[in-house]
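Trainee: Structure incoming, see below.
The values are calculated or read from the model by the stated rules, or taken from the named source; none is laboratory data. Because the structure is a prediction, the values reported are computed rather than measured. Glycine also receives a Cβ, built like all others from the backbone with ideal geometry; neighbour counts cover every protein chain displayed.
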DNA sequence: GGGCACATGTAAGCTGTTACATGATTAA
DNA sequence: TTAATCATGTAACAGCTTACATGTGCCC
């Protein structure tokens with residue numbers, strides 16, 4: 001996938017739902033796609049400029065002075081469909097948690113326990129967040145169109161978080177349970 | 001965590017098990033940490049040079065002409081312990097699969113089905129790979145020391161892959177099951 | 001002698017973040 | 001009036017990949 005194509009996909013995606021300013025594009029990506037996607041302003045503004053240059057998005061005046069509202073064009077929708085049909089780029093794995101676990105012998109039990117506690121609490125708050133999003137999902141204007149897809153992405157997050165919780169429990173038992181049983 | 005600290009952690013980590021050439025460092029990272037970590041030569045050689053400069057690793061002659069064997073020093077081991085104790089950097093999420101699912105309305109059913117098929121087969125082959133690694137794990141010289149930690153990282157991969165398989169099944173049912181039942 | 005695995009390193013370039021700079025609008 | 005939020009943009013830099021350049025040693 002070409003340069004910035006992934007960012008372009010996300011930007012075109014949110015603009016396919018609603019006309020937005022650059023600022024709102026970021027808010028939409030953060031609040032709606034936030035549990036599996038991220039973009040910074042430093043990516044969004046240049047990408048929007050590029051999309052306008054390529055005729056995939058048109059720029060109109062916004063509600064306030066100096067603000068610009070972006071609207072996806074017909075060719076923008078076509079490009080979005082094309083981008084979505086390409087196989088997802090899987091990013092090279094870099095899991096700092098598992099790196100620490102693997103070399104866990106160089107870590108004392110306390111540090112290892114802290115690590116597992118953190119994972120557990122993070123997975124727990126993720127589950128809470130997903131549950132909140134799920135409760136509010138029906139109020140979103142895009143619900144009738146995207147609701148089922150949105151729920152599928154939430155479900156992926158839930159299953160991943162639950163798997164993490166199970167892993168923490170297993171790993172605590174395997175690596176941290178003190179040998180309390182006296183030998184025969 | 002400072003510049004290149006994550007790469008340095010991985011490199012110091014594999015050198016804490018065994019003395020290696022740069023080439024072997026990469027092989028070790030690929031084969032042993034490969035299911036959750038990745039480094040390219042472009043990162044490894046400059047990092048090794050930096051580690052030598054900082055006295056964390058010493059460079060000795062290798063088995064062949066022009067090859068260099070690196071050995072971790074006492075301060076290198078101390079640094080590794082320190083690096084491992086720092087909280088893992090969680091990379092910003094960028095899940096191309098979920099991005100495509102979220103905007104799945106812009107995708108026809110066939111493309112969606114292909115996407116889910118790919119995830120399923122990838123998760124399946126991951127499980128097969130983990131199972132193979134698990135079978136060979138006892139033969140590795142580092143097994144007595146790292147075996148339990150290694151197994152914990154494998155288990156994380158297995159649970160994640162199983163969660164993905166469950167998600168695919170659920171998502172197929174939710175998004176792709178044709179409405180075959182006639183209405184009352 | 002040809003091909004492959006071993007071995008080292010650099011340079012160019014892409015992606016993305018962070019910090020900075022600027023200013024308008026609104027609510028307390 | 002002052003703080004927060006809305007809004008746009010750029011510059012510097014960090015991190016990483018890829019391609020390139022170079023050569024050794026072994027096996028067929």
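Trainee: Given the criteria under 30 Å from residue A:158 (Cα atoms) and in a loop (DSSP other than H, G, I, E, B), does residue B:66 qualify?
Mentor: no
Trainee: Spot the failing condition for residue A:101; the list is (1) modelled with pLDDT under 95; (2) touching a helix residue (DSSP H, G or I) at 6+ places or on another chain (Cβ under 6 Å), and only one is missed.
Mentor: Condition not satisfied by residue A:101: (1).
Trainee: Is it the case that some residue within the stretch B:91-107 is within 14 Å of chain A (Cβ to nearest Cβ) and over 29 Å from residue A:78 (Cβ atoms)?
Mentor: Looking only at the stretch B:91-107, we keep the residues that are within 14 Å of chain A (Cβ to nearest Cβ), and these are B:91-107.
Checking which are over 29 Å from residue A:78 (Cβ atoms) leaves us with B:91.
Checking the stretch B:91-107: at least one residue is within 14 Å of chain A (Cβ to nearest Cβ) and over 29 Å from residue A:78 (Cβ atoms).
Trainee: Now for a separate question. Free of Cβ contacts under 8 Å to residues at least 24 places away in the same chain, more than 10 Å from DNA strand D (Cβ to nearest atom) and surrounded by 14 or more Cβ atoms within 10 Å (Cβ to Cβ): does that describe residue A:28?
Mentor: Yes.
Trainee: Let me ask you something else. Does the stretch B:167-183 contain at least one residue that is exposed (fewer than 11 other Cβ atoms within 10 Å of the Cβ), more than 12 Å from every other protein chain (Cβ to nearest Cβ) and in a helix (DSSP H, G or I)?
Mentor: No, the conditions are met nowhere in the stretch B:167-183.
Trainee: Residues that are within 11 Å of DNA strand D (Cβ to nearest atom) and either within 14 Å of chain B (Cβ to nearest Cβ) or not in a strand (DSSP E or B) (or both): does the stretch A:70-87 have at least one?
Mentor: Checking the stretch A:70-87: not a single residue is within 11 Å of DNA strand D (Cβ to nearest atom) and either within 14 Å of chain B (Cβ to nearest Cβ) or not in a strand (DSSP E or B) (or both).
Trainee: Any idea which of B:78, B:111, B:128 is more than 19 Å from the chain's Cα centre (by Cα) and modelled with pLDDT of 95 or more?
Mentor: Exactly one residue qualifies, and that residue is B:78.
Trainee: Right, something else. I'd like the full set of residues that are near DNA strand D (Cβ under 9 Å from one of its atoms), more than 11 Å from every other protein chain (Cβ to nearest Cβ) and surrounded by 20 or more Cβ atoms within 10 Å (Cβ to Cβ), limited to the stretch B:31-52.
Mentor: B:47
Trainee: Then there's this: Going through the stretch A:33-63 one residue at a time, which ones are touching a strand residue (DSSP E or B) at 6+ places or on another chain (Cβ under 8 Å) and near DNA strand C (Cβ under 9 Å from one of its atoms)?
Mentor: Hit for the stretch A:33-63 is A:63, nothing else.
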